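The values are calculated or read from the model by the stated rules, or taken from the named source; none is laboratory data. From a predicted model like this one, the values you see are computed outputs, not experimental measurements. FYI the Cβ positions are ideal-geometry reconstructions off the backbone, even for glycines, and counts take in every protein chain you see.
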Amino acid sequence: MHDQCMAVKTITIDMDAYKTLARLKREGQSFSQVIKEHLGPRRGRDLQRVLRTISLSEEALDAVEGEVERRGESLARVPEL
């Protein structure tokens with residue numbers, strides 16, 4: 001699968017972050033794909049799918065879905081505990 005990018009951005013990361021990305025990267029996969037796979041919005045949908053298989057209530061699933069949507073508005077936010 002090839003990314004269709006209209007633009008690219010160069011970033012600087014420290015060696016620990018680079019090594020982490022490199023460990024996650026599979027052959028033929030770009031670093032952009034690794035980042036999207038592990039940090040992109042897809043993760044919320046994966047969590048919802050898994051939660052449905054463990055028989056949570058609709059109320060609990062709705063709460064998870066709401067949280068995923070809220071976080072999607074600003075991925076840099078940290079949840080309040």
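Here are a few things to note about the model shown:
- Under the condition of being loosely packed, with under 11 Cβ neighbours inside 10 Å and part of a loop (DSSP other than H, G, I, E, B), the residues counted in segment 7-34 number 10.
For (1) at pLDDT 80 or above; (2) exposed (fewer than 12 other Cβ atoms within 10 Å of the Cβ); (3) among the hydroxyl-bearing types (Ser, Thr, Tyr), each residue gets a yes or a no:
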| position | (1), (2), (3) |
| --- | --- |
| 41 | no, no, no |
| 44 | no, no, no |
| 47 | no, no, no |
| 66 | yes, yes, no |
| 69 | yes, yes, no |
| 76 | no, yes, no |
| 79 | no, yes, no |
